[in-house]
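Asks: Quick one: the structure is below, questions incoming.
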Amino acid sequence: MTTPLFAVECVRKCYGGLTAVCDVSLELAEGDLVGLIGPNGAGKTTCFNLITGADTCSAGRVLWEGRNVTSLPDFRRARLGLARTFQNIRLWADMTALDNVRAVCRGSEEAGWIDGLLRTPRHHRVERLVTGKSLALLARLGIERFADTRAGDLPYGPQRKLEIARALALEPRVLLLDEPAAGMNPAEKTDLMRMVEGLRRDLGLTILLIEHDMRFVMGICERIYVLDHGERIAHGTPAEIRRDPKVIAAYLGTESPC
């Protein structure tokens, strides 16, 4: 049996007497494009925090290629190949779009502060490399025209794409997208769907995404996990999830959410 690229096994997160996530398990093989859905407060973002190390598990394990990484901090999991975006956009508002990406671009650490202070040849070489890679990421997401625009001045849709570009600058193997289509109009959502599919295809990424827009999720995800009140209530293909009675009840009580 092939070892999943990453998995969570019976993870639980408690805040005092409140259990936000209760014994949830999920796994992704390399190249998967998987959705994580559920009503507001279902525990989806908490799951992301446990996967990436932004929060600690009260119980359970997080595995990377079969290795237990539950105790690793978030920056070490990022080095393994985990990158994410956030439900609430977390850009450096006073920096340009290009500098938002350059600041985290893998390869920038090859020149130290002394190189920067003395403006050594290595500093200039790394600067050219990082700038080129960052501009290429902005172009891939269709926002290169905003390279010199202050991130806080960008329209909402380009801000969302800029956050994805910044995550891609870490050169991840697994990309976690937390409500990437939130606040977008229908045309922007269609464009984003094509872009996400292209990232998986062209960069060989494994993608797990949280999204409330069911047409978006059903349109691109091969499998879907469903949470409700912190528990996993369903897992299957979009067709299976669409007709699952537990999913229908969790969303509307009587009708399919999609």
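Asks: Can you tell me which residue in region 47-56 is nearest to His212 (Cα to Cα), limited to those that are free of Cβ contacts under 8 Å to residues at least 60 places away in the same chain and outside any loop (DSSP other than H, G, I, E, B)?
Replies: It comes out as Asn49.
Asks: Here is a further query. Is there a residue in region 230-252 that is free of Cβ contacts under 8 Å to residues at least 24 places away in the same chain, of a type in the set (Asp, Glu) and assigned by TED's automatic domain parsing to the domain that holds Ile51?
Replies: yes
Asks: Test of understanding: among Leu33, Leu63, which residue is under 15 Å from Leu208 (Cβ atoms), in contact with a Leu (Cβ under 9 Å, 6 or more places away or on another chain), at pLDDT 95 or above and not β-branched (Val, Ile, Thr)?
Replies: Leu33
Asks: Any idea which residue in region 57-94 is surrounded by the fewest Cβ atoms within 10 Å (Cβ to Cβ), counting only those that are without any contact (Cβ under 8 Å) to a residue 40 or more places away in the chain and assigned to a loop (DSSP other than H, G, I, E, B)?
Replies: That would be Asn88.
Asks: Within region 20-38, identify whether any single residue is outside the structural domain of Glu127 (by TED's automatic domain parsing), assigned to a loop (DSSP other than H, G, I, E, B) and either closer than 27 Å to Ile143 by Cα or in contact with a Cys (Cβ under 6 Å, 6 or more places away or on another chain) (or both), and answer yes or no.
Replies: Yes - at least one qualifying residue is present in region 20-38.
The values are calculated or read from the model by the stated rules, or taken from the named source; none is laboratory data. Note that the structure is predicted; figures quoted are calculated from it, not measured. Reconstructed Cβ throughout: ideal geometry from the backbone, glycine too, with neighbour counts over all protein chains shown.
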